[in-house]
């Protein structure tokens, strides 16, 4: 039973990382109807930027904040420069632009920092918080920090003028434009925020999976699964979905289950994420918390 | 120009000349180049499959590496565990990947655009892990993969590389002709109608689920045949050789060659095999030049901005323009 709680709590921790990336994906999806296939690589690149600050001797928190700030600006610039030209292009063109960005970021990271696997320090000291058998200090910090970040984002969208303008721009661009909201800048801001939130996900996951240019491909798949499970039209759903996927993923790795079935289930974790995606899309495309979108033809 | 061309004398002559050049090439180049050309055709066949699926039927796949892997692995397993001849194994691999593609196409039916891209992305990311999976290890060879000997030459006097090259060339030609025929048939028009306007297509009585799943199956079959030839040329299958980036390469080649075209796939195959060497040479001489695949990423985005119809689309437009000029 203790193992079960351990797995669940660790699942919640890794799930909050998926939640960050899923939230980044959903923020962009809501504003622009795109699935950003490069979200994972953007987060990876941000983490490498933090890593560079560390090698210059910056303290880990400062490095993280610096990397997140740079990611925010970079996200803004990417939207203005790379995404804007295909805003109204067919879906295929948009997907290919994302794939192109994924290739660029992945290979540039490998070129600048090499493809070797690097350790990345935790943001949280090892004697942090309550000592417990059930959860490690990093995992506990991850859950706490993610909750704070998500709450901050909620407050931003709910109670600030800019947050309101961004919601308006996503929900009804034409009307938003009529009341004086600069829709295209709101989109860019959304990209910046998404890049920042994704960067937090990357920095939190790096101590667990280690730092290398391919570290995010699995994380992005889980994040997509989480986003779909929760509902792509709902940021809250994306967060919940990410958490659920994280916990389920860890349960699947439980040794008792592997013993029961006679083979190692943790070798099938990515396949599990694929199954979640396909099953959700087939049976409840709106997700658990999403709205059903009715398209007029 | 979203429909395949009619046969014109120019097209026919061009096709025959291309075949002639294809037959002669191995006589002038060493085995290594022949081997590379075989790889280019293997990629090209997979890209042809993607062109049919995406260019002509409007369904997206960023995960054709999965079907590439199915073809490669099923051929390797037929040879290794059942003792089939490599040529029978090609047919077996084609059938396996068709079935697999058809089955994956069933749930994919309900997915549109972005969501289908997402599902195939998942498939591509999960494939290497599935291939390594312990319960299948007896068949797949686990992490180590399977060694596949290069097929013995079909004709005396040819090296194994040359022989395989001619096999690949034959298959490429046959598949291109078949694709052309399909696209000009009733089913081909149904495919394109679904791409252009699904609702109108259904109103006209097209059996949409059947056409879409069959197209998915055919596309997967092409990718599988490509994967099979790729395996014969490289003599090896291993799980990590079929990672997500293989799917990206297939997509890149298709787009650059021209995704709504048949010959574009060959251009794409040549690009994927030869351009990395060229780019690598450049970045070795000038260390400040980023690595090839980062440059290709930039290139890909620029192609989408300025020439979304790809190289072959540009050639077709150029020809049409010349024709108009000459007609006065």
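In the range A:249-268, which residues are at pLDDT 85 or above and buried (at least 19 other Cβ atoms within 10 Å of the Cβ)?
Within the range A:249-268, A:249, A:250 meet the criteria.
Six or more apart or on different chains, Cβ atoms under 9 Å: show the pairs whose first residue is in the range A:192-211 and free of Cβ contacts under 8 Å to residues at least 24 places away in the same chain and whose second is part of a helix (DSSP H, G or I).
Matching pairs, first to second residue: A:209/A:216; A:209/A:218; A:209/A:219.
Assess whether residue B:266 counts as being within 14 Å of chain A (Cβ to nearest Cβ), out of contact with any strand residue (DSSP E or B) (no Cβ under 8 Å at 6 or more places or on another chain) and closer than 25 Å to residue B:47 by Cα. Explain how you work it out, then say what you get.
On the way: within 14 Å of chain A (Cβ to nearest Cβ): no; out of contact with any strand residue (DSSP E or B) (no Cβ under 8 Å at 6 or more places or on another chain): yes; closer than 25 Å to residue B:47 by Cα: yes.
In short, no.
Between residues in the range A:89-102 that are more than 7 Å from every other protein chain (Cβ to nearest Cβ) and residues that are surrounded by fewer than 23 Cβ atoms within 10 Å (Cβ to Cβ) and in a helix (DSSP H, G or I), which pairs lie under 6 Å by C-beta distance while being six or more apart or on different chains?
Hits for this filter: A:94/A:86.
Helices (runs of 4 or more DSSP H) wholly in the range B:73-152 with at least 3 residues that are within 14 Å of chain A (Cβ to nearest Cβ) and closer than 27 Å to residue A:36 by Cα - which ones?
Where helices (runs of 4 or more DSSP H) fall fully within the range B:73-152 and carry at least 3 residues being within 14 Å of chain A (Cβ to nearest Cβ) and closer than 27 Å to residue A:36 by Cα, they are B:86-108, B:113-132.
Does residue B:174 satisfy being surrounded by fewer than 20 Cβ atoms within 10 Å (Cβ to Cβ) and within 19 Å of residue B:41 (Cβ to Cβ)?
Judged against the criteria, residue B:174 is a match.
Take the conditions under 13 Å from the mean Cα position of the chain (by Cα), under 17 Å from residue A:102 (Cα atoms) and outside any loop (DSSP other than H, G, I, E, B) and apply them to residue B:251. Does it pass?
Details: under 13 Å from the mean Cα position of the chain (by Cα): yes; under 17 Å from residue A:102 (Cα atoms): yes; outside any loop (DSSP other than H, G, I, E, B): yes.
Yes: the conditions hold for residue B:251.
Which condition number in (1) in contact with a strand residue (DSSP E or B) (Cβ under 7 Å, 6 or more places away or on another chain); (2) not in a helix (DSSP H, G or I) is the one that residue B:231 fails?
Of the numbered conditions (1) in contact with a strand residue (DSSP E or B) (Cβ under 7 Å, 6 or more places away or on another chain); (2) not in a helix (DSSP H, G or I), the odd one out for residue B:231 is (2).
Looking at residue B:223, is it touching a residue at least 12 places away in the same chain (Cβ under 8 Å), within 15 Å of residue B:61 (Cβ to Cβ) and away from every other protein chain (no Cβ under 14 Å)?
yes
Give the residues of the range B:300-310 that are surrounded by fewer than 20 Cβ atoms within 10 Å (Cβ to Cβ) and either in contact (Cβ under 8 Å) with a residue 12 or more places away in the chain or facing chain A (nearest Cβ under 7 Å) (or both), sorted by residue number.
The initial filter retains those residues of the range B:300-310 that are surrounded by fewer than 20 Cβ atoms within 10 Å (Cβ to Cβ), namely B:302, B:305-308.
Passing the criteria: B:305, B:308.
The values are calculated or read from the model by the stated rules, or taken from the named source; none is laboratory data. Quick caveat: nothing in here was measured; it's all calculated off a predicted structure. Please note: Cβ atoms are built from the backbone with ideal geometry, for glycine as well, and neighbour counts cover all protein chains shown.
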